[in-house]
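A short worksheet on the structure shown next.
The values are calculated or read from the model by the stated rules, or taken from the named source; none is laboratory data. Quick caveat: nothing in here was measured; it's all calculated off a predicted structure. Backbone-built Cβ (ideal geometry, glycine too); neighbour counts: all protein chains shown. Each accessible area value is taken on the protein alone, full model and side chains, heavy atoms only, with ligands, DNA and RNA left out. Shrake-Rupley method; radii C 1.70, N 1.55, O 1.52, S 1.80 Å.
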Amino acid sequence: MKTFLRRIVLYIFALWSFFPLYWLLNTSLKTSKDALARPPTFIFKPILKNYIDVIKNNEVWGYFLDSLIVALGTTFFGLLIGIPAAYVLARFKFKGSADFGFWILSTRMTPPIAMLIPFFIMYLKLGILDTHIGLIIAHVGLNLSIIVWLMRGFYEEIPIEIEEASYVDGSSFFQTFYKIAVPLSLPGISAVGIITFLFSWNEFLFALVLGDSVVRTSPVGLYGFVGYQKIYWGQLSASASLLLIPVLFFVFLFQKPLIKGLTLGSFK
Amino acid sequence: MNHFKKERNKFIILMLMPATILLVGLTLFPFIVSFILSFTDYSLLRPGQTKFIFLDNYIELMKTDEFWIALRVTVVFTVLAVFVQVVLGVVIATLLHNENTNISFLRTMYLLPLAITPIAATFTFRLMFNPSLGVLNYFMKLLGFEPQAWLASPSTALFSLILVDTWQWTPFILLICLGGLASLPNEPFEAAKVDGASSWQIFIKITVPMLYPFIGLALLFRSIDAFKTFDIIYVLTSGGPGILTRTLNLYAFKHGIEFLSMGYAGSIAIVMLIITIVVAQIFLRKNKLLTPKETLKQ
């Protein structure tokens, strides 16, 4: 009975999460007349024209590639830079460590509206406007606070005795960090990695202002299907649906450590 | 001892260096620029005639009703949306953690709102909310309820935005809690089960307290982000009807990007930053999240 109730709640929540996406998929298989039918239609003759249009459209492939490069780059460099900082903040107290941690957090608090124009000027002067590396740097900067603070939370949950034992055995701080702490924090790395990837993949404002002509990520590209007069529903929904495939693939690859008992349980 | 201290300091500096350099490089200049601009009447319409006006922007802001209304909308939106998301996220994560069939399928479903390009999702919501051809009113009529104007009506506009925000961001809390649950030790849960505790007791007495650092962090980040929500509000209501859903960020956008008065917009941004800093400091101090629980000692 309890299992049954739990499943009902879980599947209702799945339905709630899926419904808008169902509507998007639905729209992508409709003609433009069906898409805006009154009342909305559930049963209709599906067409693949929108998908064919999108697959044939080289620009959409370009958005996809740019997004993939930027999001993978952001996840990789973000974790590479953020994890060491998170570990130190979780395990050491030094002069000003609380303020330092808070300063990192505060970089997420400024409304982007205020940052955009100075950012643009800075990028223009550095000559990294409209480059992959430029956008990766910006996205790492936007997400570093979340990477550092969440990873720090995960490190604090690891029993400190394991690291102390390793240190007593003669390992250096650095060896203890990458041989003991990093493997133990895999569930955290997995969750934070997925979050970073998704944040970068879907980021719109900075991608629009710092990119746009050479490097155009998919959120910016898809915005092109929204015209002043008319929304190109067919292409918008078809490309958004197709773009889900690589994201789900990435999430699938990265989610393994989230499965319970894989790390700490096997260690003890 | 001295050697240990030297090693320790070297380690700390090396590990913090890359993050520090990147963040200083990226945020210092934009911050100083908007800070200085907030004390001027800088406008892109007449960039040559900028004057220092000291606190005038801030005084003007405090005297404007529109600012206080925007502040209230922002606070109500943030508090309600984040509250619902945290409750839902923690409950669903715990239920999923105890589930043993189709976990991968369910987790993938749950992550969809975070994975889909927001532009596409938001415009789909706009289509679904449409009073005459939207699917929501279709269901309302089917179930015998009065159709709603959703985004256009004063009584439902903010509620509709909270609904969309909850749909999009509950997975964020859920994901952090799933990661947290996976990294917690099993013993307390097993011991409680042996002692015959009910699921509800385990949830309240063990899961929530042990997961608390993660819930706290998820809540903190979600609040920081919700406080400056822009895109869904801009696309769905643009702050309307009237100014009933106009948040501080939209208010800043209106002055900065539409009216091009960057100085005034800068002062709004600085006020938002100060509010966030104060609230975050109080929250972190109260929950003792600013400093590590245990430190490596020799």
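Any idea which of A:Val215, A:Val220 is part of a helix (DSSP H, G or I), in contact with a Leu (Cβ under 7 Å, 6 or more places away or on another chain), β-branched (Val, Ile, Thr) and in contact (Cβ under 8 Å) with a residue 40 or more places away in the chain? Walk me through it before giving the result.
Values: A:Val215 fails: part of a helix (DSSP H, G or I).
Sole residue among the options that is part of a helix (DSSP H, G or I), in contact with a Leu (Cβ under 7 Å, 6 or more places away or on another chain), β-branched (Val, Ile, Thr) and in contact (Cβ under 8 Å) with a residue 40 or more places away in the chain: A:Val220.
Hey, among A:Phe199, A:Phe177, which residue is part of a helix (DSSP H, G or I), within 30 Å of A:Leu89 (Cα to Cα) and within 22 Å of the chain's Cα centre (by Cα)? Full working, then the answer.
Details: A:Phe177 fails: within 22 Å of the chain's Cα centre (by Cα).
Unique residue meeting the criteria: A:Phe199.
Restricting attention to region B:97-137, which residues are more than 7 Å from chain A (Cβ to nearest Cβ) and in contact with a Pro (Cβ under 6 Å, 6 or more places away or on another chain)?
B:Asn137
What single numbered condition from (1) out of contact with any strand residue (DSSP E or B) (no Cβ under 8 Å at 6 or more places or on another chain); (2) surrounded by 15 or more Cβ atoms within 10 Å (Cβ to Cβ) fails to hold for B:Val278?
(2)
Quick one: A:Ala165 ticks every box in (1) hydrophobic (A, V, I, L, M, F, W, C); (2) touching a helix residue (DSSP H, G or I) at 6+ places or on another chain (Cβ under 8 Å); (3) assigned to a helix (DSSP H, G or I) bar one, so which box is it?
So A:Ala165 meets the others, but not (2).
Taking the condition of being open to solvent by 90 Å² or more (accessible area, probe 1.4 Å), assigned to a helix (DSSP H, G or I) and more than 9 Å from chain A (Cβ to nearest Cβ), how many residues in region B:1-12 meet it? Don't jump to the end; show me each part of the working.
The initial filter retains those residues of region B:1-12 that are open to solvent by 90 Å² or more (accessible area, probe 1.4 Å), namely B:1-3, B:5-6, B:10.
Going one step further and asking which of them are assigned to a helix (DSSP H, G or I), we end up with B:2-3, B:5-6, B:10.
Remaining after also requiring more than 9 Å from chain A (Cβ to nearest Cβ): B:2-3, B:5-6.
Summing the residues that are open to solvent by 90 Å² or more (accessible area, probe 1.4 Å), assigned to a helix (DSSP H, G or I) and more than 9 Å from chain A (Cβ to nearest Cβ) in region B:1-12 gives 4.
Can you tell me which residue within region B:29-56, out of those that are free of Cβ contacts under 8 Å to residues at least 12 places away in the same chain and exposed (fewer than 12 other Cβ atoms within 10 Å of the Cβ), is nearest to the other protein chains (Cβ to nearest Cβ)?
Filtering first and then ranking leaves B:Ile32.
Which of the following residues is under 30 Å from B:His97 (Cβ atoms) and among the aromatic types (Phe, Trp, Tyr): B:Phe259, B:Phe227, B:Phe253?
Values: B:Phe259 fails: under 30 Å from B:His97 (Cβ atoms); B:Phe253 fails: under 30 Å from B:His97 (Cβ atoms).
Step by step, each of B:Phe259, B:Phe227, B:Phe253 is checked, and only B:Phe227 is under 30 Å from B:His97 (Cβ atoms) and among the aromatic types (Phe, Trp, Tyr).
Which of the following residues is of a type outside the set (Ser, Thr, Tyr) and within 12 Å of chain A (Cβ to nearest Cβ): B:Val73, B:Val91?
On the way: B:Val73 fails: within 12 Å of chain A (Cβ to nearest Cβ).
Only one candidate qualifies: B:Val91.
Quick one: in region A:72-127, which of the residues that are within 7 Å of chain B (Cβ to nearest Cβ) and basic (Lys, Arg) is most open to solvent (accessible area, probe 1.4 Å)?
This residue is A:Lys93.
Any residue that is closer than 30 Å to B:Ile277 by Cβ and crowded, with 21+ Cβ neighbours inside 10 Å - is there at least one of those in region B:187-209? Spell out the reasoning first.
Just the residues of region B:187-209 that are closer than 30 Å to B:Ile277 by Cβ, to begin with: B:208-209.
Checking which are crowded, with 21+ Cβ neighbours inside 10 Å leaves us with none.
No.
Within region A:203-229, track down each residue that is farther than 21 Å from A:Met115 by Cβ and hydrophobic (A, V, I, L, M, F, W, C).
Residues satisfying the conditions are A:Val214, A:Leu222, A:Phe225, A:Val226.
Where in region B:178-275 are the helices (runs of 4 or more DSSP H), entirely inside, with at least 1 residues that are out of contact with any His (no Cβ under 7 Å at 6 or more places or on another chain) and within 19 Å of A:Leu205 (Cα to Cα)?
Details: elements: B:187-194, B:199-202, B:208-227, B:231-236, B:248-253.
Hits in region B:178-275: B:208-227, B:231-236, B:248-253.
Residue check: is B:Glu146 over 28 Å from A:Leu242 (Cβ atoms), in contact (Cβ under 8 Å) with a residue 24 or more places away in the chain and either open to solvent by 50 Å² or more (accessible area, probe 1.4 Å) or in contact with a strand residue (DSSP E or B) (Cβ under 8 Å, 6 or more places away or on another chain) (or both)?
Working: over 28 Å from A:Leu242 (Cβ atoms): yes; in contact (Cβ under 8 Å) with a residue 24 or more places away in the chain: no; either open to solvent by 50 Å² or more (accessible area, probe 1.4 Å) or in contact with a strand residue (DSSP E or B) (Cβ under 8 Å, 6 or more places away or on another chain) (or both): yes.
Spelling it out, it is not the case that B:Glu146 is over 28 Å from A:Leu242 (Cβ atoms), in contact (Cβ under 8 Å) with a residue 24 or more places away in the chain and either open to solvent by 50 Å² or more (accessible area, probe 1.4 Å) or in contact with a strand residue (DSSP E or B) (Cβ under 8 Å, 6 or more places away or on another chain) (or both).
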